[in-house]
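The values are calculated or read from the model by the stated rules, or taken from the named source; none is laboratory data. It should be emphasised that the depicted structure is a prediction, and the values quoted were computed from it without experimental measurement. Glycine gets a Cβ as well: all are built from the backbone with ideal geometry, and neighbour counts include every protein chain shown.
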Amino acid sequence: MPRYLLSIYQPDGPAPEPEVLNKIMADLDVLNQEMRDAGAWVFTGGLHPASTSTVVRVNDGEVLTTDGPFAEAKEHVGGLWVIEAPDLDVALGWGRKAAQATTLPIEVRPFAGYRE
């Protein structure tokens, strides 16, 4: 079955107030269980802020590391799911539910050439 990456795009800055964040976390718990029950869930994880990232690249044969995110932006990937879905329409349905639970944009992208 094809696998899809659902990426959560989170704005930089402080976390929401506890009353907002607690509802989001509860909604995410419900969504994750729904994905598990449907057999769609493969993996999920949240990420530390983009400011904690390190970029590794090769320049003229030399490996360089730099602090901070690769791209300067106001939003970065804040978390993700890897799911299995029979087709894009089903994956987009999970993306819609994820957007409702997180209140944030969700990018749905298929893995290239993956079929189990």
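Asp67 meets the stated requirement of being surrounded by fewer than 11 Cβ atoms within 10 Å (Cβ to Cβ), farther than 17 Å from Tyr9 by Cα and either touching a His at 6+ places or on another chain (Cβ under 7 Å) or not polar (S, T, N, Q) (or both). Considering (1) outside any helix (DSSP H, G or I); (2) surrounded by 11 or more Cβ atoms within 10 Å (Cβ to Cβ); (3) without any contact (Cβ under 8 Å) to a residue 12 or more places away in the chain; (4) not basic (Lys, Arg), the lone condition that Pro14 does not fulfil carries the number (2). For the stretch 44-58, residues that are under 19 Å from Ala98 (Cβ atoms) and either touching a His at 6+ places or on another chain (Cβ under 6 Å) or assigned to a strand (DSSP E or B) (or both) total 3. Please identify the pairs in which a residue from the stretch 79-90 that is within 15 Å of Val42 (Cα to Cα) has its Cβ atom under 9 Å from the Cβ atom of a residue that is among the charged types (D, E, K, R) and modelled with pLDDT of 95 or more, counting only partners at least 6 apart or on another chain. These pairs meet every condition: Val82/Arg3; Ile83/Arg3; Glu84/Arg3; Ala85/Arg3.
Within the stretch 79-116, the set of residues being of a type in the set (Gly, Ala, Ser) and crowded, with 20+ Cβ neighbours inside 10 Å comprises Ala85, Ala91, Gly95, Ala98, Ala101.
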